[in-house]
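K.L.:
Shown below is the structure under consideration.
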Amino acid sequence: CNISWWGCVLLGSILSATDPVAVVAVLKTLGAPAHLQHMIEGESLLNDGSAVVVFLVAQQMLNVDTALTVPEIIGKFLRLAGGGVLWGLCAGYVAFFWCKLSRHASVIDIAVLVLCIYMVFYLGEWHLHVSGVLASVTFGVLFCRLAPHAMSEHVQHHNHVVFEQICHFAETHIFMLAGLIIHRRFFISMSDLDMAYHIPISLVLYLVLHVIRASVIGLFTPILGRLGYGLTLGESVIMTYGGLRGAVSLAMALMLDLDKTVDEVFRDLVVFHTA
């Protein structure tokens, strides 16, 4: 399979999305500094949103019938990223004022928030044509910041528990789907991929991703120090190894797998290396 430049960009966007849920859970158990946990979680949120935007642009460029010019690529990127952030901010303020003025019971507030997040993604992705992922991330970050002014601590605790369970169910569902597809594709129907050739490539990709991540963290550590988020050498190592790939990468790989306009061998290649 000859991979084009946009194919490389698409694979890179999928592999760049991080999922540090397990890492943060271990850090909490070990009593790691709170600022390290917040940096890993915050970096993951923004990284995942940006990766999805790049993925959508690269996916469209792989389809020769809908290929874009350079100005159109820039415009699409700005619309997806900037529009997603603006839509998330607007929806977040609406939800905040609703919770602040209504003072309903926790069950109603949480139900409304679940509906709001779903609608933010759905309307943004399918009707406003902006990044639903970035809109949802922006909505969550803003509402988390404003929640103490709109909800009691009791309601916030219930809200946290409910969304934690929803996230756990969603991630488990994605991993289960990925496992079923990989088992059917590579062990039952036997794809055209040469396993003996691509398994070493996966190991090389794994090492290269960690080298790139370590280089970027080392490059930005002085800047983070000036902003008040200084990292020690040990914390930098934890952040480097803590950039695990998970549900978001698998979700994008499954989205690509459903796109029949993309070469089947390339789709198999992406699913294999992502998994």
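K.L.:
Rounding to the nearest 20 debye, state how big the charge dipole of the chain is about its Cα centre with +1 on each Lys and Arg Cβ and -1 on each Asp and Glu Cβ.
P.N.:
Working: 13 positive and 19 negative charges, 117 e Å.
Dipole magnitude for the chain comes out near 560 debye.
K.L.:
Related question: Out of THR29, TYR197, HIS129, whose Cα points farthest toward the positive end of the dipole of the chain (charges: +1 Lys, Arg; -1 Asp, Glu; placed on Cβ)?
P.N.:
Positive-most Cα among the choices belongs to THR29.
K.L.:
Return the distance in nm (one decimal) between the two label points of a simple spin-label model at LEU254 and VAL208, each offset 7 Å from Cα along Cα→Cβ.
P.N.:
2.7 nm
K.L.:
On the protein heavy atoms, probe 1.4 angstrom, tell me the percent of accessible surface of the chain carried by carbon and sulfur. Each step should come with its number before you reach the end.
P.N.:
Details: 11310 of 15760 Å².
Carbon and sulfur atoms account for 72 percent of the accessible area of the chain.
K.L.:
For VAL216 paired with LEU30, estimate the spin-label separation in nm (one decimal), with each label point 7 Å from Cα along the Cα-to-Cβ line.
P.N.:
2.2 nm
K.L.:
I would also like to ask the following. With point charges of +1 on the Cβ of Lys and Arg and -1 on the Cβ of Asp and Glu, referenced to the Cα centre of the chain, which listed residue (GLY242, THR221, GLN156) lies farthest in the positive direction of the dipole?
P.N.:
Among GLY242, THR221, GLN156, the one farthest towards the positive end of the dipole of the chain is GLN156.
K.L.:
So for the pair LEU46, VAL107, with labels modelled 7 Å out along Cα→Cβ, what separation do we get in nm?
P.N.:
Output for this residue pair reads 4.0 nm.
K.L.:
Extent of segment 23-158 along each principal axis, from alpha carbon coordinates, in Å, largest to smallest?
P.N.:
Ordered largest first, segment 23-158 gives principal extents of 53, 39, 18 Å.
K.L.:
Assuming R0 = 30 Å, can you tell me the calculated FRET efficiency for the pair VAL70 and ALA170, based on Cβ-Cβ distance, to the nearest 0.05? Could the numbers behind the result be given before it?
P.N.:
On the way: r = 36 Å, r/R0 = 1.20.
Efficiency at R0 = 30 Å is approximately 0.25.
K.L.:
Still on this structure, please answer the following. Which residues does the label zone of PHE97 cover in segment 105-130, counting backbone N under 18 Å from a point 7 Å along Cα→Cβ?
P.N.:
113, 116-117, 120
K.L.:
Distances longer than 35 Å among the Cα atoms of the chain: what percent of all pairs is that?
P.N.:
On the way: 8429 of 37675 pairs.
For the chain, the fraction of Cα-Cα distances above 35 Å is 22 percent.
K.L.:
Using a 1.4 angstrom probe with every protein chain in place, what is the largest-first accessible-area order of SER202, SER13, SER4? Provide the component values of the computation, followed by the final result.
P.N.:
Details: SER202 35, SER13 5, SER4 55 Å².
Sorted descending by solvent-accessible area, the residues read SER4, SER202, SER13.
K.L.:
Looking at segment 140-275, I'd like the Rg to Rh ratio, where Rg is from alpha-carbon atoms and Rh is Kirkwood's inverse mean 1/r.
P.N.:
Numbers: Rg = 20.1 Å, Rh = 18.5 Å.
Expressed as Rg/Rh, it is 1.09.
K.L.:
Quick one: Karplus J couplings for segment 124-130, per residue in order, coefficients 6.51, -1.76, 1.60, θ = phi - 60°, nearest Hz, x for Gly and Pro?
P.N.:
These are the phi-based 3J(HN,Hα) values: x, 6, 9, 10, 8, 6, 10 Hz.
The values are calculated or read from the model by the stated rules, or taken from the named source; none is laboratory data. Since this is a predicted model, take the numbers as computed values, not measurements. Neighbour counts are summed over all protein chains in view; Cβ atoms, including those assigned to glycine, are modelled from backbone coordinates with ideal geometry. Protein only, heavy atoms only, side chains kept; ligands, DNA and RNA dropped before computing areas. Shrake-Rupley method; radii C 1.70, N 1.55, O 1.52, S 1.80 Å.
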